[in-house]
Amino acid sequence: MSSAQPRGPVDSSQVPRYAGPATFARLPRLDEVGAADVAVVGVPFDAGVSYRPGARFGGNAVREASRLLRPYNPAQDASPFALAQVADAGDIAANPFSIEEAVETIEGAAGHLLGTGARLMTLGGDHTVALPLLRAVARRHGPVALLHFDAHLDTWDTYFGAAYTHGTPFRRAVEEGILDTSALSHVGIRGPLYGKSDLDDDAKMGFGIVTSADVMRRGVDEVVEQLRERIGDRPLYVSVDIDVLDPAHAPGTGTPEAGGLTSRELLEILRGLSGCRLVSADVVEVAPAYDHAEITSVAASHTAYELVTIMTRQIAAAR
Ligand SMILES: [Mn+2]
């Protein structure tokens with residue numbers, strides 16, 4: 001982007017927050033500003049889910065809930081929308097009847113946006129979408145460090161013979177060589193597995209695990225320190241499955257598991273990553289039909305806000 005002043009959100013002293021179309025954080029659309037440093041993009045696709053469907057409506061639910069985000073982020077002492085141009089790039093239209101075709105479409109559209117120089121803040125969609133996003137990111141940056149927040153490993157092999165599902169993106173990504181296997185972490189893992197071999201397979205791929213109970217026992221600061229040590233100065237991709245949160249904090253999701261993180265813990269861990277080389281991120285698996293009072297989509301909107309703040313701080317610091 002040029003040095004022109006970024007165009008920020010609609011002024012809420014002029015137009016009430018609940019009025020007007022719901023772009024993320026009431027930011028301009030990408031076509032209104034021409035180019036963006038950070039593009040918030042929806043991927044309304046949920047044909048890869050194994051249990052409750054509905055994440056195809058997640059992106060727009062997060063946009064609606066993001067109306068209340070304000071321009072200054074005190075936790076990171078930054079005004080993210082003034083530091084760099086952030087814009088809403090709309091949705092990637094993916095085929096709901098062919099997962100293979102959808103994966104190709106998402107990879108192509110993400111590659112196009114990255115090619116303009118933008119970083120992506122993607123709103124899912126189910127977790128299937130992380131694979132094509134990572135492919136596009138790796139083509140630009142090489143293999144990336146991955147920080148994956150989720151109740152589930154998402155490193156399973158296949159479901160009903162299908163290779164591309166919301167439970168398999170990170171196994172595929174490791175097989176394809178698009179992740180830096182010296183810097184892979186899951187955070188928030190919990191709940192029953194198919195067998196102990198799930199964990200053995202996952203460890204062989206290079207993943208380290210911070211369980212949900214680890215976050216509780218060791219605390220946010222120690223966890224952040226360990227994660228940052230593992231990430232170092234590598235290009236980093238953060239993928240947040242909203243089911244990393246306890247169902248009390250995120251009921252609106254497809255495969256809920258008891259005993260998860262609080263939204264406060266998640267946001268604090270993310271804030272602790274400020275300064276990392278965050279090249280793109282996603283927040284996925286918000287299924288609004290199971291939500292109540294926007295609990296889940298509010299949590300997801302704040303999650304995206306912290307991630308966007310990390311990106312814009314870094315963009316501004318590199319100028
Ligand atoms: Mn997941």
| Could you state the number of Å between the C-alpha centres of region 52-82 and region 255-296? | 11 Å
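So how strong a dipole does region 25-318 carry about its Cα centre when Lys and Arg Cβ are +1 and Asp and Glu Cβ are -1, to the nearest 20 debye?
On the way: 25 positive and 40 negative charges, 126 e Å.
Once rounded to the nearest 20, the dipole reads 600 debye.
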| Degrees, to the nearest 10: 220-231 long Cα axis against longest axis of the chain | 80 degrees
| request: Taking only protein heavy atoms into account and a 1.4 Å probe, give the accessible area per residue of the chain in Å². | output: 40 Å²
| request: Pop a pseudo-label 7 angstrom from the Cα along the beta-carbon direction at both ALA318 and VAL15 and give the gap in nm to one decimal. | output: 3.1 nm
| For the modelled label position 7 Å from the Cα of LEU193 along Cα-to-Cβ, which residues of region 200-233 have backbone nitrogen atoms closer than 16 Å? | 200-214
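In whole percent, and with a 1.4 Å probe on the protein chains, what portion of the accessible area of region 122-232 is carbon and sulfur?
Numbers: 2250 of 4400 Å².
Accessible surface attributable to carbon and sulfur in region 122-232 totals 51 percent.
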| note | Under the 7 Å Cα-to-Cβ spin-label approximation, TYR51 and THR262 lie apart by a distance in nanometres of 2.4 nm
| query | Using the Karplus equation 6.51 cos²θ - 1.76 cosθ + 1.60 (θ = phi - 60°), what ³J(HN,Hα) coupling, rounded to whole Hz, does each residue of region 152-163 give in order, writing x for Gly and Pro? | reply | 10, 5, 6, 10, 6, 8, 8, 10, 6, x, 8, 7
| If you line up the Cα atoms of the chain on their principal axes, what length do they span on each, largest first, in Å? | 56, 43, 39
| With each pseudo-label sitting 7 Å past Cα toward Cβ, what's the GLU225-ARG70 distance in nm, one decimal? | 3.3 nm
| Prolate/oblate/rounded label for region 132-175 (Cα gyration tensor, a/c 1.5) | oblate
| remark: Packing-ranked peptide list from 34-43, 193-202, highest mean Cβ count within 10 angstrom first, is 34-43, 193-202
| region 106-183 versus region 198-234: alpha-carbon centroid distance in Å | 19 Å
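The values are calculated or read from the model by the stated rules, or taken from the named source; none is laboratory data. The shown structure was predicted, so the numbers you read here are calculated from the model rather than taken from an experiment. In this analysis, Cβ positions are derived from the backbone assuming ideal geometry, glycine residues included, and neighbour counts consider all displayed protein chains. These accessible areas exclude ligands, DNA and RNA; they are computed on the full protein's heavy atoms, side chains included. Shrake-Rupley method; radii C 1.70, N 1.55, O 1.52, S 1.80 Å.
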